[in-house]
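Written below as structure tokens is the structure these notes are about.
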């Protein structure tokens, strides 16, 4: 006996036993009836090609629904193109077009979206922390630079109020060196000069040597002890007499026009010490 191709039903043997043939035929008819009943049930539950309503869930088993028409009703399925044009997929940017995204829960992970109240709370906490930190820094700087302190900088000419961010400052000691208080110098006093001209009284003790040729008639020898005469007797007008006291073995000269060692140009003397110029600021408030 052979079997059918599609359902493997047993075919009766031609010229076979009548009882066996009838039994096999009955079995085949019964199987056909069951198969047709299954087809009918499936057909009755299938969605007509002309359309209709589905009352149960559809398990696509990983398959796609292709050729979806543009949606017209709220409950219509949409195509991928429709969704891409109006919404977003994971990994793509979102353009809310100036609309608000509401109803967000507080974020629990770093990738969660945050609400305005959550963000404002963080910003306010940060501002409070920064204000506290700034007050602490100002307090430390106030201890380092109390009012009256001097600030030095060798390159930056900006005010310390800009550099340090606090206090009121004025430039100090322009063109002057600093001297510690005491030893005759009072706090805040100024004085001194970069150069000076020496007076006669400021010159050190010194001598000028005189060399002259005189005629015998213009002078006489010293009276008294040559080693210590205090004056000389000379002939002529006594108003034009010169004498050198306390100098041994030197004759007096009776000429008023003689000049002994005249020199000098009255130029000033520099008093500057070696220096380097820096910015000096005093805190005033």
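Taking the stated definitions as given, is residue 16 at pLDDT below 75 and under 30 Å from residue 113 (Cα atoms)?
It is false that residue 16 is at pLDDT below 75 and under 30 Å from residue 113 (Cα atoms).
Kindly establish whether residue 123 is outside any loop (DSSP other than H, G, I, E, B) and either closer than 30 Å to residue 9 by Cβ or in contact (Cβ under 8 Å) with a residue 60 or more places away in the chain (or both).
No.
Given (1) at pLDDT 85 or above; (2) not in a helix (DSSP H, G or I), where does residue 57 come up short, assuming only one miss?
Failed condition: (1).
Which residues, counting only those in the stretch 33-77, are touching a residue at least 12 places away in the same chain (Cβ under 8 Å) and closer than 26 Å to residue 7 by Cα?
Listed by number, the list holds a single entry, 35.
Residue by residue, here is whether (1) modelled with pLDDT under 95; (2) more than 28 Å from residue 277 (Cα to Cα); (3) surrounded by 13 or more Cβ atoms within 10 Å (Cβ to Cβ) holds:
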position	(1), (2), (3)
109	yes, yes, no
119	yes, yes, no
123	yes, yes, no
140	yes, yes, no
144	yes, no, no
164	yes, no, yes
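The values are calculated or read from the model by the stated rules, or taken from the named source; none is laboratory data. For clarity, every value in this text was computed on a predicted model and none was experimentally measured. In this analysis, Cβ positions are derived from the backbone assuming ideal geometry, glycine residues included, and neighbour counts consider all displayed protein chains.
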